[in-house]
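See structure below.
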Amino acid sequence: MTDSLANTSTVRSTHVEAFVFKKSEWEYSQDADGHRTVKGYAGTWTTPYDGAPPWLLALISCPSCGANLLLHDRVHQIDRLGKIHPDIRCNKCAFSRACYLDKWNDKDLYACAIEVDGRPEIHYMHASNQAEARLHMGPIAHKKSFRIVALGRAIGFVANDDHGEDLSADVMTKKESQQS
Ligand SMILES: [Zn+2]
């Protein structure tokens, strides 16, 4: 008899997860003095507004506390996968995590849970569909020990493989379910 609960908890502690921000339209407004205010939606990102300073790469809203964070090009870089470098640290709460922007470069972000040499990993890629996402796996897919556990849209991505592993790209959801 295997104790499946004990099994999952060992695996969970061995891999690092990223948070994926969903793209959304935020509501900008301007007061009489010309000051702009914006209403962000927790866990989403939006493109800079018209007339935004050139250093503004994107705006994100902390998935944990909802604070709006501005991504400044002297502090952050966003690579072609929509990954934000360095990791995001919220200045209002304890949220600190590797983060991706979905639909950066206008394509959907996919997450692929794989196993290489028995170790679970999650890879991210932009693609128009699953077949294209699979093509973007790159050289790692030629390793003998390589196995795809699950492939899907990165938003809310949860995969369970046959060892009872729980791989997820949606870290906030998982945190809550682990605590309960
Ligand atoms: Zn926060």
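Hey, any hits in the range 63-72 for a residue that's within 28 Å of I122 (Cβ to Cβ) and either modelled with pLDDT under 85 or of a type in the set (S, T, Y) (or both)? For the range 63-72, residues within 28 Å of I122 (Cβ to Cβ) and either modelled with pLDDT under 85 or of a type in the set (S, T, Y) (or both): present. Looking at the range 120-127, is at least one residue part of a helix (DSSP H, G or I), assigned by TED's automatic domain parsing to the domain that holds R147 and free of Cβ contacts under 8 Å to residues at least 40 places away in the same chain? No, that holds for no residue. Here is a check on your reading of the model: is W45 within 21 Å of M125 (Cβ to Cβ), surrounded by 15 or more Cβ atoms within 10 Å (Cβ to Cβ) and within 16 Å of the ligand (Cβ to nearest atom)? So W45 fits the description; yes.
For the range 106-119, state whether one or more residues are of a type in the set (A, V, I, L, M) and either outside the structural domain of A154 (by TED's automatic domain parsing) or within 16 Å of the ligand (Cβ to nearest atom) (or both). No, the range 106-119 contains no residue that is of a type in the set (A, V, I, L, M) and either outside the structural domain of A154 (by TED's automatic domain parsing) or within 16 Å of the ligand (Cβ to nearest atom) (or both).
On inspection, L56 does not qualify as surrounded by 13 or more Cβ atoms within 10 Å (Cβ to Cβ) and under 19 Å from the mean Cα position of the chain (by Cα).
Taking K92, is it surrounded by fewer than 21 Cβ atoms within 10 Å (Cβ to Cβ) and within 16 Å of the ligand (Cβ to nearest atom)? Yes: the conditions hold for K92. Return the residue satisfying two criteria in turn: it lies in the range 95-105 and is part of a loop (DSSP other than H, G, I, E, B) and within 24 Å of A150 (Cβ to Cβ), and of such residues it is farthest from the ligand (Cβ to nearest atom). Ranking the candidates gives K103 first. Report whether or not N91 is touching a residue at least 24 places away in the same chain (Cβ under 8 Å), within 20 Å of S64 (Cβ to Cβ) and of a type in the set (S, T, N, Q). Yes: the conditions hold for N91.
The values are calculated or read from the model by the stated rules, or taken from the named source; none is laboratory data. Given the structure is predicted, the values throughout are model-derived calculations rather than measurements. Here Cβ is always computed from backbone atoms with ideal geometry, including for glycine, and neighbour counts include all displayed protein chains.
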